[in-house]
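Data first, discussion second: the structure below is written as structure tokens.
The values are calculated or read from the model by the stated rules, or taken from the named source; none is laboratory data. Not measured: the values here are computed from a predicted model. We place every Cβ from the backbone using ideal geometry, glycine too, and count neighbours over all the protein chains shown. SASA here: full protein model, heavy atoms, side chains in, ligands and nucleic acids out. Shrake-Rupley method; radii C 1.70, N 1.55, O 1.52, S 1.80 Å.
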Number of protein chains: 2
Amino acid sequence: MNRLLRVYLMDQVTIFNDYVRRKGLKNTSQRLTILEAFLGSKLHFSTEDLYFRLRKDHPKIGYATVHRTLKLFAECGIARELDFGDGQARFEPLNADQHHDHLVCTNCGLIIEFTEPQIEKLQEQVAAQYNFKIERHRHELYGLCSKCTKLS
Amino acid sequence: MNRLLRVYLMDQVTIFNDYVRRKGLKNTSQRLTILEAFLGSKLHFSTEDLYFRLRKDHPKIGYATVHRTLKLFAECGIARELDFGDGQARFEPLNADQHHDHLVCTNCGLIIEFTEPQIEKLQEQVAAQYNFKIERHRHELYGLCSKCTKLS
DNA sequence: GAAGAAATTGAAAATGACAATCAGAAAGCT
DNA sequence: AGCTTTCTGATTGTCATTTTCAATTTCTTC
């Protein structure tokens, strides 16, 4: 693990620990296990994905606990909950300084991340017009990826 | 009803009728009733909303029929299906020439529509970078409306 | 380090939106 | 009108998610 990654991970862990302390919650071995697996995850996984991945090494951890813990991560800001309209909630590790949105291929399920600061800026302008205070947003482009465009 | 509105409604009805004919479906009194109620709707209603509204004058129309018919409207392009993450699908009448996205107040539920051609354009540019072909998109800004900002 | 209060866990059951089923009714072609 | 196909609506099924609750674990306080 390189230094940058270590710092990045420490941040997430610290945020979580602070949140747990502040809310009077408890630090359990399950939460630590799930946190580690979460931080080591590919992006855009569902509760089920993580649950089955954990089952290999930690067969005692229940689905409900994984689910509750992911919700907790979202609450304390280290996870973002995604919904690509396929009836399954997805999550991704989140760090404050880089925001991105998604392109979703409706044929093969490929997910591409994109960043476009100008769009973010225009969003803010739109919100300002209505005296609206943005807390979060969702911006997803659905369609065909380059591979699937060729095939069809 | 003014002339413009009449023309607009006629368009929606015509699109639906053409779709029904093309697909070998049938024109039933229930579908007509639901279509009328749909076109006369405020925006962003759920299946349940429309079902209960219809029940007053048409107590025989079942929930499943309302649900299937709204899906049909979405299929033929006169409705857009929305999902604001509250676990209920919503619908709005749609006409081809004006696209809009939404601001959603997480406190009072207020929904504001907005149009920002520049964002649409930037979206297209992003997609082009990845040789991605956009079929549809979802862009929602969640936060506090001006009223709720003052109260909190 | 033990005791007690409070939170957590995990299996199971509940919930809730949506989708599927199916027998009877209606539509629309000939 | 007769016949085939689709539609309707009450009910049931499905599936992700949420809740329940008794047993367990954590963490503070002595």
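Is it true that B:PHE132 is within 15 Å of DNA strand C (Cβ to nearest atom) and at pLDDT 95 or above? It is false that B:PHE132 is within 15 Å of DNA strand C (Cβ to nearest atom) and at pLDDT 95 or above. Each residue in the range B:95-110 was checked for being buried (at least 17 other Cβ atoms within 10 Å of the Cβ) and either away from chain A (no Cβ under 12 Å) or hydrophobic (A, V, I, L, M, F, W, C) (or both), and 3 of them qualify. Considering the range B:57-83, the residues that are closer than 14 Å to B:THR47 by Cβ and in contact (Cβ under 8 Å) with a residue 40 or more places away in the chain include one that is nearest to the other protein chains (Cβ to nearest Cβ), namely B:ASP83.
Flag: B:TYR130 matches the condition of being open to solvent by 50 Å² or more (accessible area, probe 1.4 Å), free of Cβ contacts under 8 Å to residues at least 24 places away in the same chain and not assigned by TED's automatic domain parsing to the domain that holds B:ASP18.
Return yes when B:GLU113 is surrounded by fewer than 16 Cβ atoms within 10 Å (Cβ to Cβ), at the interface with another protein chain (Cβ under 7 Å from one of its Cβ atoms) and among the acidic types (Asp, Glu) and no when it is not. No; evaluated as a whole, the condition is false for this residue. Any idea which of B:GLU135, B:GLU120, B:GLU124, B:GLU92 is more than 11 Å from chain A (Cβ to nearest Cβ) and among the acidic types (Asp, Glu)? Unique residue meeting the criteria: B:GLU92.
Residue-wise test of (1) over 27 Å from A:ASP86 (Cβ atoms); (2) modelled with pLDDT under 95.
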{"position": "A:MET1", "(1), (2)": "yes, yes"}
{"position": "A:ARG6", "(1), (2)": "yes, yes"}
{"position": "A:MET10", "(1), (2)": "yes, yes"}
{"position": "A:VAL13", "(1), (2)": "yes, yes"}
{"position": "A:ARG21", "(1), (2)": "yes, yes"}
{"position": "A:GLN30", "(1), (2)": "yes, no"}
{"position": "A:ALA37", "(1), (2)": "no, no"}
{"position": "A:LYS42", "(1), (2)": "no, yes"}
{"position": "A:ASP49", "(1), (2)": "no, no"}
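Those residues that are in contact (Cβ under 8 Å) with a residue 24 or more places away in the chain and aromatic (Phe, Trp, Tyr), I need them from the range B:36-56; list them, please. Scanning the range B:36-56 gives B:PHE38, B:PHE45. For first residues located in the range B:90-118 and more than 27 Å from B:LEU72 (Cα to Cα), partners that are at pLDDT below 95 and open to solvent by 30 Å² or more (accessible area, probe 1.4 Å) and lie 6+ apart or on another chain with Cβ distances below 7 Å form the pairs B:THR106/A:GLU135.
Selection of the range B:44-91 for residues being more than 14 Å from DNA strand C (Cβ to nearest atom), assigned to a loop (DSSP other than H, G, I, E, B) and open to solvent by 70 Å² or more (accessible area, probe 1.4 Å) yields only B:PRO59. The selection criterion, being within 25 Å of B:ILE112 (Cα to Cα), away from DNA strand D (no atom under 11 Å from the Cβ) and more than 14 Å from every other protein chain (Cβ to nearest Cβ), does not hold for B:LEU35.
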